[in-house]
Amino acid sequence: MDDPAVDDVEPTTAPTPPGRRPRSWLTAVLVTVIAVGLLALGGGLAVALGIGRTEQPAADSVDAGFARDMSRHHLQAVEMADLAAGRSTDPEVLLLAFDIASTQTNQAGRMQGWLTLWGLPLTSGDTMGWMDDAAAGGHDVSGHDVSGHDMSATGSADGAVMPGMATETELAQLRSLSGTPFDVMFLQLMIRHHQGGLEMAQYGQQHAGEAVVRGLARSIAQTQTAETTTMEQMLRARGGAPLPAP
């Protein structure tokens, strides 16, 4: 026989211990916090990537000029570095050449990518026009040397496009060499090439409007300064001496 006292008992819900709230409230709070965090992160990334901006660097800006000229400057360094694989047997030279080729190919790609995103051409006839006269090594913005030589076609009286770059004659000579003679000339040309690019990088670091451009310019300046010191030591160890600075 059933006990009526037991049947009449109403089920009860255990009270929530003091100081604790239902788990659903905690979940809602966590979701809100995560959502706010993701929104802030997304906003930061948007600022860093330039998403939503209406103003882009102009064709004659330091940012665009640096990206155009430095990428062109880099690509000649890559061209010279790529020659080492078939002409040098020196492990240190081969490693240096590989590092230069891989690093500067990557950086040139980044700079040309910026130009494409900004809707600007990858090349311009106004070489070095984004730098002031003193920083451009004596070239005014019209492409003329202060001594009166026309620089508009080549950028340099000796046929080099920009300060530090090798001439076609020098490149042809480098291609004709192998072994230690190649190593010596390669280091000589690359040291001078880095020296010419350093001024461009320093100017870009100081005057570019875009943070990403200033950051890359700073990285280039630091890397090329360190590599120049290393290459000078390598050159002297192989019986060579640096060329005059551009």
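Each reported figure results from applying straightforward, stated rules to the coordinates on display, with no laboratory input. These numbers come from a predicted model, not from an experiment. In this analysis, Cβ positions are derived from the backbone assuming ideal geometry, glycine residues included, and neighbour counts consider all displayed protein chains.
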Pairwise label distance in nanometres, Gln222 with Arg236, each label 7 Å out on the Cα-Cβ vector
2.6 nm
Once phi is turned into ³J(HN,Hα) by the Karplus curve 6.51 cos²θ - 1.76 cosθ + 1.60 with θ = phi - 60°, what whole-Hz value does each residue of the stretch 227-240 show in order, with x for glycine and proline?
5, 5, 4, 4, 5, 4, 5, 5, 5, 5, 5, 9, x, x
Applied in sequence order to the stretch 67-72, the curve 6.51 cos²θ - 1.76 cosθ + 1.60 (Karplus, θ = phi - 60°) yields integer Hz couplings, x standing for Gly and Pro, of 4, 5, 6, 6, 5, 5
Can you list the HN-Hα couplings for the stretch 92-98, worked out from phi with the Karplus curve (6.51, -1.76, 1.60; θ = phi - 60°), rounded to whole Hz and with x for Gly and Pro?
5, 5, 5, 5, 4, 4, 4
Taking R0 as 35 Å, what FRET efficiency do you get between Leu177 and Gln202 from their Cβ-Cβ distance, rounded to the nearest 0.05?
0.65
Virtual paramagnetic centre 7 Å along Cα→Cβ of Glu79, amide N under 18 Å, in the stretch 195-214
195-197
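Provide the packing ranking of 104-113, 168-177, i.e. peptides ordered by the mean count of other C-beta atoms within 10 Å per residue, highest first.
104-113, 168-177
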